[in-house]
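Please read the structure below before turning to the comments.
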Amino acid sequence: MMQLKAGLSALVTGGASEIGRGLCIALAQNGIFVTVVDFCEDRGEEVVAISQKENLKFHSGLKFPSAIFVRCDLSNKGQVAAAFKKHMDVYGSLDICINCAGISNFVPFHEDQTDGWTHAINMNLLAVIDCTYRAIKILEAEEKPGVVINLGSASGLYPTRTDPIYSATQVACPSPSSHKSAAPPVPEFLMIRRRPDLGMSTAAMKEGEGDAEGVCA
């Protein structure tokens, strides 16, 4: 298992709020450089400010920022590519990729007139696949240990009647068995599931923006 140490760098999707926010700050508290990838600019910049303050305990006189924010619609592959490029341009390397972003659709599937279920699939599944692929290719090119962490909901194990599309995306979310690298070192690949009734943002619930995996869209 990778040991957290100062000077590593991490890219966290959905890093502006809730679980992603907490992960970004926790990484910074270990001296890790953080790229906060999210759609919510105000909250993202707030997380960056906190992360930079925490990183001062480990780093001084840096010629680059210890944390940055990249505004990104994760359903847009071009913007995802730009986010990874920005991270590499600033930090020159990638050690940790955490895919935390995700949304729920509170409109019953059969009543949804907004195509919200398509957006949920794009965000919760296709974007995770895209980010996982990009992170693995970077780690393989660098020929060094690294870790990719995909956060998912226990809804993938215990499907919910109220949001079957969300549950389906969680079932399909990339897991450790999805990747085997022929060339060592093999990137560590973790799938973490949380209970669907924990970590829900009250504001997100009221606004219908989804659960606490960090997307403001």
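The values are calculated or read from the model by the stated rules, or taken from the named source; none is laboratory data. Worth saying up front: this structure is predicted, and the values here are computed from it rather than measured. Note that each Cβ is placed from the backbone with ideal geometry, even for glycine, and that neighbours are counted across all protein chains shown.
Of all residues in segment 117-167, which are small (G, A, S), surrounded by fewer than 18 Cβ atoms within 10 Å (Cβ to Cβ) and modelled with pLDDT under 65?
Initially, segment 117-167 is screened for residues small (G, A, S), giving 120, 127, 135, 141, 146, 152-156, 167.
Narrowing further to those that are surrounded by fewer than 18 Cβ atoms within 10 Å (Cβ to Cβ): 141, 154.
Hit for segment 117-167 is A154, nothing else.
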How about segment 4-90: which strands (runs of 3 or more DSSP E) wholly inside it have at least 3 residues that are under 16 Å from the mean Cα position of the chain (by Cα) and among the hydroxyl-bearing types (S, T, Y)?
-> none
Please identify the pairs in which a residue from segment 10-37 that is touching a residue at least 60 places away in the same chain (Cβ under 8 Å) and closer than 12 Å to I50 by Cα has its Cβ atom under 7 Å from the Cβ atom of a residue that is of a type in the set (D, E, K, R) and surrounded by fewer than 24 Cβ atoms within 10 Å (Cβ to Cβ), counting only partners at least 6 apart or on another chain.
-> A16/R43
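Could we say that V48 is buried (at least 18 other Cβ atoms within 10 Å of the Cβ), at pLDDT 95 or above and out of contact with any helix residue (DSSP H, G or I) (no Cβ under 7 Å at 6 or more places or on another chain) here? Reasoning before the result, please.
Details: buried (at least 18 other Cβ atoms within 10 Å of the Cβ): yes; at pLDDT 95 or above: yes; out of contact with any helix residue (DSSP H, G or I) (no Cβ under 7 Å at 6 or more places or on another chain): yes.
Taking the combined requirement at face value, the residue satisfies it.
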